[in-house]
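S.K.: Below is the structure I would like to discuss, written out as structure tokens.
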Amino acid sequence: MISEKMQEALNEQVNKEFYSAYMYLAMSAYCDTIGLPGFSSWMRLQFEEESLHVTKMFDYILDQGGQIHLKPIEEPPKAYGTPLEVFETTLEHEQYVTRLIHKLMGLAVEEQDYATQTFLQWYITEQVEEESNVNNVVAPLRMVGDDKGGLMMIDQQLAQRLPPLPIAPK
Ligand code: FEO
């Protein structure tokens, strides 16, 4: 069982995870249009990863006897600037999501909601990985600057990203 306040906060986070998925899908399209298929594929897989974040939280709310409240999803931008700016926006977004997850954990601690604390621990660990993955792309992008050859090499590396593993069944 979860409190009504926690139910609303988790539903709000479902909406934010949907937005993340939506934004990465928009970024995937954008990268494709600027001729970077590897970037586009990486973003497409990031979209899939975010979709898993959505359904994991959705299932938890239902498992706790809560109600699902699906809200409208904000429209993401269509264009994201240079390849470096695409990943800087991604990093800023993931840092924002980390703050949201920490705030949720704060509420779970305040309410002595131990089940939700255990559940959210997965997202806290996941955010460390998400930020690290993005930092691992931002750093080489900063290094290559405007060098087209360097950019093409990064594009090829990003194309190697594997699809996310399915989240373990409950
Ligand atoms: Fe669901 Fe990228 O955080």
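The values are calculated or read from the model by the stated rules, or taken from the named source; none is laboratory data. No experiment lies behind these values; they were computed from the predicted model shown. For neighbour counting, all protein chains shown are included, and Cβ atoms are generated from backbone atoms with ideal geometry for every residue, glycine included.
S.K.: Look at segment 131-170 and say how many of its residues are part of a helix (DSSP H, G or I), free of Cβ contacts under 8 Å to residues at least 40 places away in the same chain, surrounded by 10 or more Cβ atoms within 10 Å (Cβ to Cβ) and not aliphatic (A, V, I, L, M).
M.R.: So the answer is 5.
S.K.: Could you check, for segment 129-145, whether at least one of its residues is out of contact with any Ser or Thr (no Cβ under 7 Å at 6 or more places or on another chain), more than 24 Å from residue 7 (Cα to Cα), away from the ligand (no atom under 14 Å from the Cβ) and modelled with pLDDT under 95?
M.R.: Among the residues of segment 129-145, at least one is out of contact with any Ser or Thr (no Cβ under 7 Å at 6 or more places or on another chain), more than 24 Å from residue 7 (Cα to Cα), away from the ligand (no atom under 14 Å from the Cβ) and modelled with pLDDT under 95, which makes the answer yes.
S.K.: Further, regarding this structure: I'm checking my understanding of the structure. Among residues of segment 112-123 that are touching a residue at least 24 places away in the same chain (Cβ under 8 Å) and within 16 Å of the ligand (Cβ to nearest atom), which one is surrounded by the fewest Cβ atoms within 10 Å (Cβ to Cβ)?
M.R.: Checking each candidate, the answer is 122.
S.K.: Determine which member of the set 50, 74 is modelled with pLDDT of 95 or more and either touching a Pro at 6+ places or on another chain (Cβ under 9 Å) or surrounded by 20 or more Cβ atoms within 10 Å (Cβ to Cβ) (or both).
M.R.: Going through 50, 74 in turn, the sole match is 50.
S.K.: Is it the case that some residue within segment 10-18 is assigned to a helix (DSSP H, G or I), modelled with pLDDT of 95 or more and over 15 Å from the mean Cα position of the chain (by Cα)?
M.R.: Yes: segment 10-18 contains one or more residues that are assigned to a helix (DSSP H, G or I), modelled with pLDDT of 95 or more and over 15 Å from the mean Cα position of the chain (by Cα).
S.K.: For the structure I just gave you, tell me whether residue 111 is acidic (Asp, Glu) and under 18 Å from residue 9 (Cα atoms).
M.R.: yes
S.K.: Over 25 Å from residue 163 (Cβ atoms) and within 14 Å of the ligand (Cβ to nearest atom) - does that describe any residue in segment 10-25?
M.R.: yes
S.K.: Of the residues 109, 86, only one is among the aliphatic types (A, V, I, L, M) and surrounded by 18 or more Cβ atoms within 10 Å (Cβ to Cβ); which?
M.R.: 86
S.K.: Give segment 48-97 a look and list any residue that's in a helix (DSSP H, G or I), aliphatic (A, V, I, L, M) and touching a residue at least 40 places away in the same chain (Cβ under 8 Å), or say none.
M.R.: Matches in segment 48-97: 52, 54, 57, 61, 84, 86, 91, 97.
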